[in-house]
Structures are given as structure tokens and as C-alpha cells.
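J.: I'd like to ask some things about the structure below.
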Amino acid sequence: MELLQQIKENAKKQCKTIVLPEGTEERTIQAADQIIGEGIAQIILIGNPAEIKALAEKYGLKHIEKATIVDPASHAKKEQYADLLVELRKSKGMTKEQALKLVTDPLYLATLMIKSGDADGEVAGAKNATGDVLRPALQIVKTLPGISVVSGAFLLLTNKPEYGENGLIVCADCAVLPNPTAEELAQIAVSTAATARAIAKIEPRVAMLSFSTKGSAKNELVDKVVKATELAKQMAPDVMIDGEMQADAALVPSVGASKAPGSPVAGKANVLIFPSLEVGNISYKLVQRIAGIEAVGPVLQGMAAPINDLSRGCSVSDIVNLVAITVNQAAGLN
Ligand code: ACO
């Protein structure tokens with residue numbers, strides 16, 4: 001079965017609740033209808049109930065009545081969530097007055113629902129920028145124990161079986177941390193290996209990418225990747241990790257054999273770790289646009305509960321897919 005289909009089928013068995021803070025966004029509400037109809041997740045839509053009703057009528061949506069609709073302007077748990085926000089952010093100077101205002105912001109409200117156990121995960125970003133989706137998530141839900149860095153992975157479905165795992169490649173960070181230190185890069189590698197296992201269902205072979213392979217170039221940028229490789233190996237001794245290496249050495253067996261002989265990863269990497277966000281974000285968009293490769297994500301990793309960010313150019317099916325992935329992540333955390 002195709003990977004995305006497997007992810008959806010697994011989601012249907014989980015009975016998780018996903019909150020969609022952009023409940024009055026046209027693609028989001030259509031996706032919510034499909035998600036409920038297919039039984040992928042239970043849905044909480046945040047938005048003005050009258051607007052949601054009008055959109056449901058406009059698109060002839062049959063399943064939206066089964067969603068829980070939460071009006072950000074007047075919801076029952078406003079006080080409770082505001083108190084929680086003050087509790088979580090008082091060291092940053094959060095006052096009750098500020099908190100009462102923030103709980104009417106759908107993006108804050110959604111993360112407070114997750115923190116309170118009222119939802120298992122969140123998908124947003126069809127109309128909000130990445131930073132605005134991530135900030136409340138990072139402030140309120142925070143990271144998994146032992147991880148301090150949230151990062152964003154993509155599943156590249158290349159249709160080229162000679163690369164990665166029968167054409168599937170998981171890569172990161174493409175979405176979050178602009179300029180990771182060696183320690184942070186090591187954490188990104190370990191988190192991405194976990195995503196490869198949990199979502200892509202593959203045994204990771206992780207290549208730490210650079211413009212140098214095994215000392216072929218000398219530069220402080222290369223030194224950072226060498227150090228990150230060592231640290232990642234120490235953090236996850238059960239995962240195959242190697243570097244530093246160039247992308248061709250990572251992916252092409254003949255190049256890997258000549259540039260990194262004896263490497264357990266070179267020539268057969270299925271997880272690629274980019275040295276910075278610039279490289280990761282630009283690379284995935286280039287292969288997506290020029291090579292026509294399907295890029296699913298970003299799948300945010302390292303967060304204490306799954307919260308995923310859409311591209312503002314997303315389609316209805318992108319939203320459905322990302323909700324299914326979010327359900328799988330939530331199930332993996334139990
Ligand atoms: N992992 C974990 N925690 C983090 C991370 C991270 N990567 N980044 C920030 N935080 C925490 C901070 O420690 C801070 O916590 P605190 O308030 O409890 O002390 C909180 O999050 C807020 O951090 P700030 O640095 O104040 O927030 P800021 O808004 O500056 O940055 C953000 C965070 C939004 C993630 C920023 O790094 C960013 O905008 N990154 C780029 C996102 C982006 O635009 N990506 C490209 C588009 S995505 C795409 O094309 C698929």
C-alpha cells in the first residue's frame with residue numbers, strides 16, 4: 001500500500017482529536033469534512049460558529065456537524081485556559097489581562113487545548129505564517145524530554161527506487177531552526193531518525209550532509225557537521241549515522257564507495273540532515289518544483305505533542321494528509 005494510504009489507514013484505528021485553529025479557512029473546513037467522513041480523526045474547529053455554518057452550506061459539507069466548534073470569542077474554558085497560560089508564562093511576565101486576550105487568539109487557544117488534554121494534536125498554517133503557528137506551540141507545549149530543539153522534516157516521495165528507501169527519503173531541518181549549533185544538528189539527526197521509524201516505517205540510515213566528504217574540504221562549516229555527526233552517534237548508538245558527506249556520496253552507491261569507502265550509510269542513505277535551514281528549505285523546494293517530487297510535510301519533530309504547520313499554498317488533500325500524519329505522531333507518543 002502506498003505510504004500516505006498506510007498513514008491514513010493507521011490514523012483511522014487511533015481515535016485521536018485534532019484541533020484546527022483556522023476553522024473558517026475555506027480549504028481547512030473542506031479538509032475537516034473529509035477527515036470526519038473518512039474517520040481519520042475527531043475534529044475541533046476554532047472559529048465563529050455562524051461563519052463555519054455558512055461555509056458548510058456553501059460547500060455542501062455533510063460531516064461538519066460532527067465537529068466540535070469552539071468560538072474563540074466566547075468559549076466555556078476561557079478563564080481556565082487563561083490561568084494555565086499565566087502559570088506557564090509567569091516567569092516571562094505574563095499577566096492575567098494579557099492571558100485573557102491571548103486565549104481569544106485561535107493559535108494560542110489550540111495549544112492551550114492540547115496542554116490541557118482537550119486535544120491530541122494541531123494542524124494550522126493555511127493562512128498563518130510558520131513563525132506564528134510555531135511560537136505559541138514552542139512557548140506552551142514545548143519539547144519532548146531530552147530534546148531541546150524542534151525541527152521540521154519532509155518525506156520526499158521520489159518515485160526513483162534507486163534512491164533512499166525504494167524512492168523514499170526523509171530530510172530535515174527544512175522548516176524551523178535557522179542556524180543550528182553542532183549539538184542542535186545532532187538532535188535534529190536523532191529526531192529525524194525517529195520520524196523515519198515512526199511515520200515512514202523505515203530503518204534509518206542517516207547522512208549528515210555537507211559540501212565535503214570525509215575531510216575532502218577544510219572549513220568551519222564542515223567542522224560543525226563533523227562534530228554533529230560524532231554527537232549524534234553518541235546520542236543514538238542504535239542508529240546508523242555517518243558524515244560528513246556530500247549529497248551524491250550519500251545517495252549514489254558508486255560515488256559513496258569511492259568517496260566514503262566502508263561507510264554504512266554512504267550510497268544508501270534514506271535520511272538526509274541538512275547543515276542549516278537555508279540549505280534544507282531551498283533544497284526541498286527545488287526538488288519539489290523542478291523535479292516534481294512529492295514533498296509531504298513539514299512534519300514537526302521534537303515537540304511534546306504533535307503540532308504541524310501547513311504551507312499557505314496547501315491544498316485540501318495536503319491538510320487531510322498532514323492531519324493523518326499528526327494522528328500517527330500522537331499515537332506514537334502514547
Ligand atoms: N526548538 C525549541 N524551542 C524553540 C525553538 C526550537 N527550534 N525556537 C525557539 N524556541 C523557543 C524559545 O526557547 C522560546 O521559549 P521561551 O519563550 O519559553 O523562552 C520560544 O520558543 C520563543 O522563541 P523566540 O526565539 O522568542 O521566538 P521567535 O519568534 O524568535 O522564533 C521561530 C521561533 C518562530 C520558530 C523562528 O525560529 C522562526 O521563525 N523560524 C523560521 C520559520 C520559517 O519561517 N521557516 C520557513 C518556512 S517553513 C516552510 O517553508 C515549510
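The values are calculated or read from the model by the stated rules, or taken from the named source; none is laboratory data. The structure presented is a predicted model; accordingly, all values stated were derived computationally and were not measured. A quick note on method: Cβ atoms are made from the backbone with ideal geometry, for glycine too, and the neighbour counts reach across all protein chains shown. Just so you know, the surface numbers come from the protein's heavy atoms only, side chains and all, with ligands and any DNA or RNA stripped out. Shrake-Rupley method; radii C 1.70, N 1.55, O 1.52, S 1.80 Å.
J.: Any chance you could give the angle, 0 to 90 degrees and rounded to 10, that helix 49-58 forms with the longest Cα principal axis of the chain?
T.: Orientation of helix 49-58: about 70 degrees from the principal axis.
J.: Put +1 on the Cβ of each Lys and Arg and -1 on the Cβ of each Asp and Glu in the chain; which of V150, A295, L185 then has its Cα farthest toward the positive end of the dipole?
T.: L185
J.: Grab the DSSP H runs of the chain that are 4 residues or longer, score each as -39,500 (n - 2.57), total them, divide by all residues and round the 222 nm result to the nearest 500 deg cm²/dmol.
T.: The helix-only estimate for the chain comes to -13500 deg cm²/dmol at 222 nm.
J.: Additional query: For the Cα atoms of the chain, what angle does the longest principal axis make with the long axis of helix 316-333, in degrees from 0 to 90, nearest 10?
T.: Helix 316-333 sits roughly 80 degrees off the main axis of the chain.
J.: May I pose another question? Just tell me the longest site-free run in the chain, where the sites are GluC sites (Glu not before Pro) in a DSSP loop having at most 15 other beta-carbon atoms within 10 Å.
T.: In the chain, the maximal stretch lacking such sites is 163-334.
J.: Follow-up. On the accessible surface of the range 151-295, probed at 1.4 Å, how many percent belong to carbon and sulfur atoms?
T.: That share works out to 57 percent.
J.: Okay, next question. Helix 182-198: angle to the longest alpha-carbon principal axis of the chain, degrees 0 to 90, nearest 10?
T.: 70 degrees
J.: Moving on. Specify, per residue and in Å³, the volume enclosed by the convex hull of the alpha carbon atoms belonging to the range 132-260.
T.: Roughly 114 Å³ of hull volume per residue.
J.: Cα centroids of the range 275-334 and the range 119-156: how far apart, whole angstrom?
T.: One Cα centre to the other: 11 Å.
J.: Could you state the accessible area per residue of the range 151-295 in Å², with a 1.4 Å probe and every protein chain left in place?
T.: 44 Å²
J.: Based on the Cα gyration tensor of the chain, what are the three equivalent ellipsoid semi-axes, each the root of five times an eigenvalue, rounded to whole Å and given largest first?
T.: Here the semi-axes work out to 37, 23, 15 Å.
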